[in-house]
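**Q** Below: one structure in structure tokens.
The values are calculated or read from the model by the stated rules, or taken from the named source; none is laboratory data. Treat the numbers as computed from the prediction; the structure is a model and nothing was measured. Here the Cβ positions follow ideal geometry from the backbone for every residue, glycine too, while neighbour counts run over all protein chains shown.
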Amino acid sequence: MTEMQIRRYARHIVLAEIGGVGQSRLIAAKVLVLGAGGLGAPLLQYLAAAGIGTLGVVDDDTVDLSNLQRQVIHRTGDIGVAKVASAARALAAINPEVAVHAHNERLTAANAERLVAEYDIVADGSDNFATRYLLNDTCYRLRKPLVAAAILRFDGQISTYKAWHGAGHPCLRCVFPEAPSEDAVPSCAQAGVLGALAGTLGALQATEVVKEILGVGRSLSGRLLTYDALDGSWEEMAIAKQSNCPTCGHS
């Protein structure tokens, strides 16, 4: 590392679990973030600050005034600008050493493998089950760790999916085999969401991504964490690999 990098990442380097070797791994890492919205905003900012060498951002939306209540990577002056362009601008200001690849497109069956294959690990900040399933299935096929979070109203949840590791490692479809109805899970636009909740879960995603890159601590694979902001409480649920899972099951 250069002298400037040693100074920038000094608080990481003094951690025994990271050190110079670990920081060098972060600098060499390539992380794909799906969504530059509520979860993606704090997630991207902390990953850039941590020194992740290459960050990919996938989003085909533009910044809207209603986004600014929680999507803190964007500014009022960015309204109407592509979210990936706004995010790239903000990340360059945080850490100019990070290479940001702005993918101004929606994740589809046609481009999913191309996008995911370029990166070491994926973080999902999408807002619908169709996209979550597609990303889960693609990461499973390409053997990429997936750190996925979701928020609504005052509640959030997060887990890491590495089903290709074998027994004890479920995928998203093991936990949610079928998408709930739109009535059961309304969108944030319909039901609302606490702005700061996005920061809580997005920052936690960044922590789990860093842990997976470094191979330190206890992975969230096989566990689902849920957060109730109104109650100020966390709960942990063990989640199991399902033999009949359409993605990672024996069949």
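**Q** Pull up region 19-78, narrow it to residues that are charged (D, E, K, R) and surrounded by fewer than 24 Cβ atoms within 10 Å (Cβ to Cβ), then point me to the one that is nearest to Asp120 (Cα to Cα).
**A** So in region 19-78, the residues charged (D, E, K, R) come out as 25, 30, 59-61, 64, 70, 75, 78.
So of that shortlist, the ones also surrounded by fewer than 24 Cβ atoms within 10 Å (Cβ to Cβ) come out as 25, 30, 60-61, 64, 70, 75, 78.
Working: Arg25: 11, Lys30: 5, Asp60: 22, Asp61: 24, Asp64: 31, Arg70: 27, Arg75: 30, Asp78: 30 Å.
My answer is Lys30.
**Q** Right, next: Looking only at region 2-9, decide whether some residue is under 20 Å from Thr207 (Cα atoms), in contact with a His (Cβ under 9 Å, 6 or more places away or on another chain) and not acidic (Asp, Glu).
**A** No, region 2-9 contains no residue that is under 20 Å from Thr207 (Cα atoms), in contact with a His (Cβ under 9 Å, 6 or more places away or on another chain) and not acidic (Asp, Glu).
**Q** In addition: Output the qualifying pairs, or none if there are none: Cβ atoms under 6 angstrom, residues six or more apart or on different chains, first residue in region 141-157 and over 21 Å from Ile213 (Cβ atoms), second residue among the hydroxyl-bearing types (Ser, Thr, Tyr).
**A** Short answer, once both residue conditions are applied: Gly156/Tyr227; Gln157/Thr226.
**Q** Of all residues being part of a loop (DSSP other than H, G, I, E, B) and among the aliphatic types (A, V, I, L, M) in region 154-183, which is surrounded by the fewest Cβ atoms within 10 Å (Cβ to Cβ)? Just the residue, please.
**A** Ala167
**Q** From the set of residues in region 1-51 that are part of a helix (DSSP H, G or I) and among the charged types (D, E, K, R), which is modelled with the lowest pLDDT? Don't jump to the end; show me each part of the working.
**A** At the first step, the residues of region 1-51 found to be part of a helix (DSSP H, G or I) are 3-8, 10-13, 19-28, 40-50.
Next cut, among the charged types (D, E, K, R) only: 3, 7-8, 11, 25.
On the way: Glu3: 94, Arg7: 97, Arg8: 97, Arg11: 97, Arg25: 98.
Checked region 1-51; the qualifying residue modelled with the lowest pLDDT is Glu3.
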